[in-house]
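Enquirer: Would you mind keeping the following structure in view while I ask a few things?
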Amino acid sequence: MSQLGTETAFEVLAKAKALEAQGKSIIHLHIGAPDFRTPENIVDAGRKALKDGYHSYTPAKGIPELREAVCADIARYRKVEVHPDHVMIVPGGKPTMFFAIMMFGEPGTEILYPNPGFPIYESVIKYSGATAVPIELEEENGFSFSAEKVLAKINERTRLIILNTPANPTGGVVQRSELDALAKGLEEHPHVVVLADEIYSRLLYDGEEHVSFLEYEALRDRTILLDGWSKTYAMTGWRLGYGVWPESLIAHAERLQINTNSCTNAATQVAGVEALEGPQDAVDRMRQAFDERRAIIVEELNQIPGFRCTMPKGAFYAFPNTSGTGISSRELETRFLNDAGVASISGTSFGHLGEGYMRFSYANSAENIREGLRRVRECLQPA
Ligand code: PLP
C-alpha cells in the first residue's frame, strides 16, 4: 500500500470545501470536471431507465446497445472499425487504466508513462510492482514528446506504454508525425502493449485533429483504447467509461471487471447510449465555452509576474511555468488556497517534472477565472 499514490485534486477539493465551510470564498480552478450540467436529454434518458426497471446487473462487459453505440461513435470520430465484442463498459475512465496497468505490471518489468501526467498512471504502476519510466513532456515541445526518445527507453523489460493526448495536466497534443514515428518504431518491439488514454479527444481547439492510436492497424492487436463520458458529456459523477481491448486481452479485462465492479450501473449505461446517439450540440457549446475561457486564462496568466503560459491545444487545463516566482509549486498551491482563496494544483502532483508549474482548470466561468487570477496576482505582490 505504501507504493500507492493519489490524485491530489481530491485533497485540494477537501481542503477548499473545509475553508468554504468556515465561510471563506474559494474560487475553484483545480477541478478536472466540466462546470456544466449533464445535457438534459441524457439526464432524461437516465431517469427513464430507472423508471423502466434497469435495476439489476447487466452483462459484465456492458449492455449490447451501449457497446454497439461505442463502436458507431469510434467509426464516426476516429474513422476506425471496432467490434462490440472488444468493448468493455466500465465505471469511468479509471478502471480501464487500472486493469491495463495491473495486467502488465509486476516486479522486474517497466512501464512508460507521461510526466508530467495524470497522477494515477505512476501511482498504479508502482503499486503493481513495475518500475515507472517517465516519458518527459517538455514545455519547449508543446508538452509533446519525441518518438525517438520514447523508443530509446524500450528494452526487454518494457511491457506497456501509456499515451495521453490531449493531455492532463498540460493541455498538450501529440502531433500525427510523432505518433506515426512511434507506431512505426513499435513494430520492432512486439512485446510492448500501448494504452492510449484519449478521454479528452473531443476537447480540441484551433482546428487540431485528434489522432487516435487505434488508427495504427499494425498495432491494433496490442492497443488498448481508454475513453469515457466524464469530460465530453459533463458526466464525471455518473461514472461511465469504456475500454477497447484487443482480442487477446478482452477476456482478461472482463475477468478483472467481474472480480471488481461486476458491471457498470445499468441506468447510467442507458444514459450513455443517449449521450452518444442523441444531439451533440451541447458538446459543441461546452467546447466553444472552454475555447473562449482558454484565451482568457492564458492572457491573464501571462500578466502575472513570474508566470509564463503557452496556449494549450486541448482538454481544459492551463499549465503555466511559475519558476519565475522563485517559489516552489507546492508552496504556491498552499498560498493560493489559504491566502488568496484560489484552489489550483501544484505541478508536482503530476510527477516530479511538474516542479515549476501549476495547473489551473478553466472549467469555470470567465468571471471566476478573472477574479481568481486577480487574487493570485495580488497574493504574489510584495507586501
Ligand atoms: N484519464 C485522464 C487523462 C484524466 O484526466 C482523467 C480524469 O481526470 C481520467 C482518465 C479519469 O476519468 P474518470 O473520472 O472518468 O475516471
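Enquirer: Once you've got the GNM for the chain with C-alpha springs shorter than 10 Å, pick whichever of Tyr127, Tyr357, Tyr113 has the biggest mean-square fluctuation.
Expert: The residue that fluctuates most here is Tyr127.
Enquirer: Going through segment 111-175, which GluC sites (Glu not before Pro) have at most 16 other Cβ atoms within 10 Å and a DSSP loop state?
Expert: Glu156
Enquirer: Where a ≥ b ≥ c are the square roots of the eigenvalues of the C-alpha gyration tensor, would you call segment 141-202 rounded, which needs a/c under 1.5, or, failing that, prolate if a/b is larger than b/c, or oblate?
Expert: Prolate is the answer for segment 141-202, as a/c is 1.5 or above and a/b outweighs b/c.
Enquirer: How compact and how long is segment 97-169, expressed as Rg and Dmax of its alpha-carbon atoms in Å?
Expert: Gyration radius and largest Cα-Cα distance of segment 97-169: 11.8, 34 Å.
Enquirer: Does segment 158-301 come out rounded, prolate or oblate, given a ≥ b ≥ c as the square roots of the eigenvalues of its C-alpha gyration tensor, rounded meaning a/c under 1.5 and, failing that, prolate meaning a/b above b/c?
Expert: oblate
Enquirer: Related question: Return Asp35, Asp206 ranked ascending by Cβ neighbour count within 10 Å, so the fewest neighbours appear first.
Expert: Listed from fewest to most nearby Cβ atoms, that is Asp206, Asp35.
Enquirer: If you look for lysine pairs in the chain that are eight or more places apart or on different chains, how many of them have Cα atoms under 18 Å apart?
Expert: Lysine pair count for the chain: 8.
Enquirer: Right, another one. Which of these, His252, His30, His55, has the largest mean-square fluctuation under a Gaussian network model of the chain (Cα springs below 10 Å)?
Expert: His55
Enquirer: Turning to a different aspect of this structure: Using the Cβ atoms and a cut-off under 9 Å, what net charge is assigned to the surroundings of Thr170, where Lys and Arg are +1 and Asp and Glu are -1?
Expert: Local net charge: 0.
Enquirer: Filter the GluC sites (Glu not before Pro) in segment 176-241 down to the DSSP loop ones having no more than 10 other Cβ atoms within 10 Å, then list what survives.
Expert: Glu187, Glu188, Glu209
Enquirer: Taking only C-alpha pairs under 8 Å that are 6+ residues apart, what is the relative contact order of segment 56-277 in percent?
Expert: The normalised contact order for segment 56-277 reaches 29 percent.
Enquirer: In a shell of Cβ-Cβ distance under 14 Å around Leu13, excluding Leu13 itself, what net charge do Lys and Arg (+1) and Asp and Glu (-1) give?
Expert: Net charge around Leu13: -2.
Enquirer: Give the Cα extents of segment 1-125 along the principal axes, in whole Å, largest first.
Expert: Taking max minus min along each principal axis of the Cα atoms, segment 1-125 gives 47, 46, 31 Å.
Enquirer: Right, next: Roughly how many Å is it from the Cα centre of segment 287-317 to that of segment 92-117, as a whole number?
Expert: 30
Enquirer: Choose one answer from Thr165, Thr325, Thr268: the residue with the largest mean-square fluctuation in a GNM of the chain with alpha-carbon springs under 10 Å.
Expert: Largest GNM mean-square fluctuation: Thr325.
Enquirer: Okay, next question. Kindly point out which whole DSSP H helices in the chain project their C-alpha atoms 24 angstrom or further along the helix axis while averaging a Kyte-Doolittle hydropathy of -1.0 or above.
Expert: Those that pass (Cα extent of 24 Å or more, hydropathy at least -1.0) are 281-301.
Enquirer: For segment 56-277, divide the Cα radius of gyration by the Kirkwood radius and give the resulting Rg/Rh value with two decimals.
Expert: Rounded to two decimals, Rg/Rh equals 0.94.
Enquirer: Under the rule of -39500 (n - 2.57) per DSSP H run of 4 or more residues, summed and divided by the residues of the chain, what mean residue ellipticity at 222 nm is obtained, to the nearest 500 deg cm²/dmol?
Expert: Taken over the chain, the calculation gives -12500 deg cm²/dmol.
Enquirer: Please list log₁₀ I(q)/I(0) at q = 0.08, 0.15 Å⁻¹ for the chain, using the Debye equation with identical point scatterers on the alpha-carbon positions.
Expert: Debye intensities relative to I(0), on a log10 scale: -0.40, -1.41.
Enquirer: Which value in nm describes the separation of the simple spin-label points at Tyr77 and Glu247, placed 7 Å from the Cα toward the beta carbon?
Expert: Between Tyr77 and Glu247, the label points sit 2.8 nm apart.
Taken together, the values in this text are just the output of simple stated rules run on the coordinates, not laboratory data. Because the structure is a prediction, the values reported are computed rather than measured. Cβ: placed from backbone, ideal geometry, glycine included. Neighbour counts: every protein chain shown.
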